[in-house]
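Participant: Sharing a structure, written as structure tokens. Questions coming.
The values are calculated or read from the model by the stated rules, or taken from the named source; none is laboratory data. As the structure is a prediction and not an experimental result, all values here were calculated from the model. So basically every Cβ, Gly included, is an ideal-geometry build from the backbone, and we count neighbours across all protein chains shown. The protein model used for the area step is the full one, side chains on, heavy atoms only, and it has no ligands, DNA or RNA in it. Shrake-Rupley method; radii C 1.70, N 1.55, O 1.52, S 1.80 Å.
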Amino acid sequence: MSAAESYVTPDGRTIGGTVLEMKNITLRFGGVVAIKDISFDIREGEIRAIIGPNGAGKSSMLNVMNGFYHPQEGEVWFHGQKRKPMKPYQIAKQGIARTFQNIALFKGMSTLDNIMTGRFNHMKTNMFLQMIWKGPAEREEAENREIVEHVIDFLEIQAIRKTPVGALPYGLQKRVELGRALAAQPKLLLLDEPMAGMNVEEKEDMSRFILDVNDEFGTTIALIEHDMGVVMDISDRVVVMDYGAKIGDGTPDEVINNQAVIDAYLGVEHE
Amino acid sequence: MFYREAGDFKKTYAEDNQTFPLRVDRWAYYLVLVIAFGAVPFFINNWWANAAIIPFLVWAIASLGLNILGGYCGQISLGSGGFMAVGAYSAYKLMTSFPDLNMFIVVLISGAITALVGMLFGLPSLRIKGFYLAVATLAAQFFLVWMFNKFSWFYNNSASGQIHAPTRSVFGYEVTGATATAPAKYLFCLVLVVLFAWIARNLTRGRIGRSWMAIRDMDIAAEIIGVNPLKTKLTAFGVSSFYIGVAGALFFTVYLGDVEVGEAFGIQKSFLLIFMVIIGGLGSILGSFIGAGFLVLMPLLLKYIMAEKLGFPTDIAAHLEFVIIGFLIMLTLVLEPHGIAQLWRVAKQKLRLWPFPH
Ligand SMILES: Nc1ncnc2c1ncn2[C@@H]1O[C@H](COP(=O)(O)OP(=O)(O)O)[C@@H](O)[C@H]1O
Ligand SMILES: [Mg+2]
């Protein structure tokens with residue numbers, strides 16, 4: 001952990017030291033600069049929002065965090081250590097889970113199997129034991145099923161347990177995808193527009209789930225969101241991106257009063 | 001009325017997760033096993049064994065294998081014929097080099113060798129998908145057939161270039177060679193089929209099976225959950241090739257007895273296996289059996305009806321066979337991508353609710 005001091009939020013949650021630190025990240029795709037020299041940190045137990053107009057580079061930032069993209073410049077520090085270039089599945093093993101902007105569920109599988117797949121890193125029985133099934137493999141399956149059933153209860157999706165996810169409405173699919181990420185019991189949870197395309201009621205549900213995850217399990221969360229109202233409500237600190245650059249960083253109140261942010265959101269012309 | 005879960009409550013997660021959740025299904029399954037082991041061996045004759053039952057059992061193992069790779073892990077392979085040849089030639093070399101080796105061991109080692117070869121040819125799957133992977137595995141098919149033709153070491157320098165299965169026994173009963181009896185050959189294959197079906201079911205119901213399906217359905221999402229794509233695809237290629245190698249070994253040793261590689265394990269066999277898996281049902285253990293059964297029995301039935309009952313020339317029956325297969329492939333791909341097994345599942349679902357559909 002870094003030297004940042006821990007503090008207690010007005011609603012009584014403890015925010016600890018730095019979990020993830022992005023240092024001077026620059027990411028280019030050919031001529032396009034998706035991320036321009038951005039630095040920020042995420043602290044233990046906080047809900048950190050990343051906002052900005054379409055194409056600002058927010059999703060790219062998450063992709064750098066979980067290893068899909070490798071920045072040309074800059075460093076990623078996780079739990080006080082500089083991270084070597086790693087594959088996404090290795091980063092997953094370090095305890096980072098995520099959801100996608102465009103739902104990325106396993107369409108051919110049921111809700112239950114999708115969420116069970118989220119337990120992959122916690123399941124250890126080898127191929128031989130899996131072949132035999134009786135014994136350790138079956139026991140491990142039942143233990144992990146129990147954890148998954150908690151996630152299912154938590155997200156209130158008991159009724160669709162055995163439904164193929166392809167048959168679910170959009171809002172529920174988003175919920176199942178969150179469930180799959182939660183089943184991994186991550187230290188850091190990355191959510192890419194978890195409420196995009198939802199109606200008000202669905203958004204409220206999702207906000208509540210995010211707050212509860214953070215509150216009950218102490219999970220650190222970084223989320224991308226467009227709805228400013230939601231961001232103001234649930235996040236502790238906000239990074240604002242525009243055209244690949246960071247134009248604001250602070251508490252929701254600080255950010256909303258920042259002139260550069262107001263310009264970006266009110267659509268002041270960029271020359 | 002009897003086909004439903006009323007009164008059939010599940011108390012544990014293991015019960016909820018069993019292979020045949022409904023009691024009726026479980027009984028049907030035990031009944032099939034009892035008949036297969038207890039009754040069929042007493043009635044089976046040479047004609048039925050050679051024309052229908054043994055090829056069905058052998059192709060069922062191969063279908064399970066290709067279904068693991070294609071149906072569960074979503075990787076295309078046109079190399080099955082070549083991999084069956086690897087199993088066959090491994091068995092031949094083992095049988096001729098170690099005449100005392102138990103045939104079960106021969107077949108299993110042949111499977112293991114094929115698994116290694118399959119993993120080698122599965123390596124490109126990390127970089128390429130779909131059509132390009134299909135082409136790469138097609139190259140494996142042609143390369144392997146060429147290799148077994150080219151190097152006489154593989155066929156022990158026999159003048160004909162063919163391989164011939166010598167007589168070998170299991171626990172004192174001959175299962176290969178001209179004098180092996182139908183019941184012995186049948187039981188030998190049956191034991192392997194039951195074993196491999198049971199393993200396939202176990203592998204596909206837990207962690208490994210889900211990682212295969214995750215790669216099939218959405219590989220980037222699989223990766224962020226911690227699934228290593230290369231390792232996962234290679235285990236699928238390995239397990240799948242093991243099955244196909246075992247099938248190839250049986251096809252040669254128990255079923256054909258004499259093999260010329262291009263004829264026995266050509267590209268037609270790769271396609272036949274793909275058709276079985278598609279028509280039976282992708283991603284279904286039961287579907288593998290249905291597909292194998294269908295494509296083994298349908299030509300027999302067709303020949304019987306067309307040639308013997310209606311008096312058409314046999315080649316017309318053979319042509320009609322292709323027409324029917326082609327039509328069914330299109331039908332399943334368009335209407336029911338999960339094959340006959342899915343139709344069966346839907347029918348059972350309806351039956352559960354009958355006679356009160358709501
Ligand atoms: N894989 C990629 N290849 C090329 N350009 C990309 C890629 N991913 C993102 N970009 C570009 O990077 C910029 C930022 O995209 P993105 O991170 O998706 O923005 P946001 O999520 O903020 O809407 C866009 O201009 C986009 O076209
Ligand atoms: Mg985005």
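Participant: If you check residue A:41 against the conditions, is it farther than 17 Å from residue A:196 by Cβ and either in contact with a Pro (Cβ under 7 Å, 6 or more places away or on another chain) or open to solvent by less than 70 Å² (accessible area, probe 1.4 Å) (or both)?
Facilitator: On the way: farther than 17 Å from residue A:196 by Cβ: yes; either in contact with a Pro (Cβ under 7 Å, 6 or more places away or on another chain) or open to solvent by less than 70 Å² (accessible area, probe 1.4 Å) (or both): yes.
The answer is yes for residue A:41.
Participant: Is it the case that residue A:23 is out of contact with any helix residue (DSSP H, G or I) (no Cβ under 8 Å at 6 or more places or on another chain), within 15 Å of ligand 1 (Cβ to nearest atom) and among the basic types (Lys, Arg)?
Facilitator: Judged against the criteria, residue A:23 is not a match.
Participant: While we're on this one: Counting just the residues of the stretch B:201-215 that are within 20 Å of residue B:125 (Cβ to Cβ) and more than 7 Å from chain A (Cβ to nearest Cβ), which one comes out farthest from the chain's Cα centre (by Cα)? Show your work before the answer.
Facilitator: Pass one, the stretch B:201-215, residues within 20 Å of residue B:125 (Cβ to Cβ): B:203-204, B:208-215.
Checking the rest, the ones that are also more than 7 Å from chain A (Cβ to nearest Cβ) come to B:204, B:209, B:212, B:215.
Values: B:204: 15, B:209: 17, B:212: 18, B:215: 22 Å.
Out of the qualifying residues, it is B:215.
Participant: Can I ask one more? Is there any pair linking a residue in the stretch A:31-59 that is within 14 Å of chain B (Cβ to nearest Cβ) to one that is near ligand 2 (Cβ under 10 Å from one of its atoms), with Cβ under 9 Å and at least six apart or on different chains, and which?
Facilitator: A:59/A:100; A:59/A:101; A:59/A:192; A:59/A:193; A:59/A:224
Participant: When you look at residue B:79, is it more than 20 Å from residue B:192 (Cβ to Cβ) and under 15 Å from the mean Cα position of the chain (by Cα), yes or no? Don't jump to the end; show me each part of the working.
Facilitator: On the way: more than 20 Å from residue B:192 (Cβ to Cβ): yes; under 15 Å from the mean Cα position of the chain (by Cα): yes.
Answer is yes for this residue.
Participant: Please go through the stretch A:101-110 and give me each residue that is surrounded by fewer than 22 Cβ atoms within 10 Å (Cβ to Cβ) and either at the interface with chain B (Cβ under 7 Å from one of its Cβ atoms) or away from ligand 1 (no atom under 14 Å from the Cβ) (or both), ordered by number.
Facilitator: Matches in the stretch A:101-110: A:103, A:104, A:107, A:110.
Participant: Which is under 27 Å from residue A:145 (Cβ atoms), of a type outside the set (Phe, Trp, Tyr) and touching a Leu at 6+ places or on another chain (Cβ under 8 Å), of A:173, A:185?
Facilitator: None of the other options fit; the residue is A:173.
Participant: Residues that are away from ligand 1 (no atom under 16 Å from the Cβ) and within 13 Å of the chain's Cα centre (by Cα): find the strands (runs of 3 or more DSSP E) completely inside the stretch A:180-242 holding 1 or more of those.
Facilitator: A:188-192, A:220-224
Participant: Pick from A:142, A:137, A:97: which is touching a helix residue (DSSP H, G or I) at 6+ places or on another chain (Cβ under 8 Å), surrounded by fewer than 18 Cβ atoms within 10 Å (Cβ to Cβ) and facing chain B (nearest Cβ under 9 Å)?
Facilitator: Answer to the check: A:142.
Participant: Take the conditions modelled with pLDDT under 85 and either part of a helix (DSSP H, G or I) or buried (at least 24 other Cβ atoms within 10 Å of the Cβ) (or both) and apply them to residue B:52. Does it pass?
Facilitator: No, not satisfied.
Participant: Additional query: Restricted to the stretch A:172-202, and to residues that are within 13 Å of another protein chain (Cβ to nearest Cβ) and within 16 Å of ligand 2 (Cβ to nearest atom), which residue is surrounded by the fewest Cβ atoms within 10 Å (Cβ to Cβ)?
Facilitator: A:192
Participant: Taking the options B:68, B:35, name whichever one is in contact (Cβ under 8 Å) with a residue 40 or more places away in the chain, of a type in the set (Val, Ile, Thr) and either loosely packed, with under 12 Cβ neighbours inside 10 Å or within 14 Å of another protein chain (Cβ to nearest Cβ) (or both).
Facilitator: The match here is B:68.
Participant: Something else now. Would you please name the residue that is nearest to residue A:208 (Cα to Cα), looking only at residues in the stretch A:236-266 that are among the small types (Gly, Ala, Ser) and open to solvent by 10 Å² or more (accessible area, probe 1.4 Å)?
Facilitator: Filtering the stretch A:236-266 for residues among the small types (Gly, Ala, Ser) gives A:244-245, A:248, A:250, A:260, A:264.
Now drop any that are not open to solvent by 10 Å² or more (accessible area, probe 1.4 Å), which leaves A:245, A:260, A:264.
On the way: A:245: 30, A:260: 30, A:264: 28 Å.
Of everything passing the filter in the stretch A:236-266, A:264 is nearest to residue A:208 (Cα to Cα).
Participant: I've got another one for you. With within 20 Å of residue B:201 (Cβ to Cβ) and in contact with a Leu (Cβ under 7 Å, 6 or more places away or on another chain) as the only criterion, which of A:97, A:137, A:142 stands out?
Facilitator: Answer to the selection: A:137.
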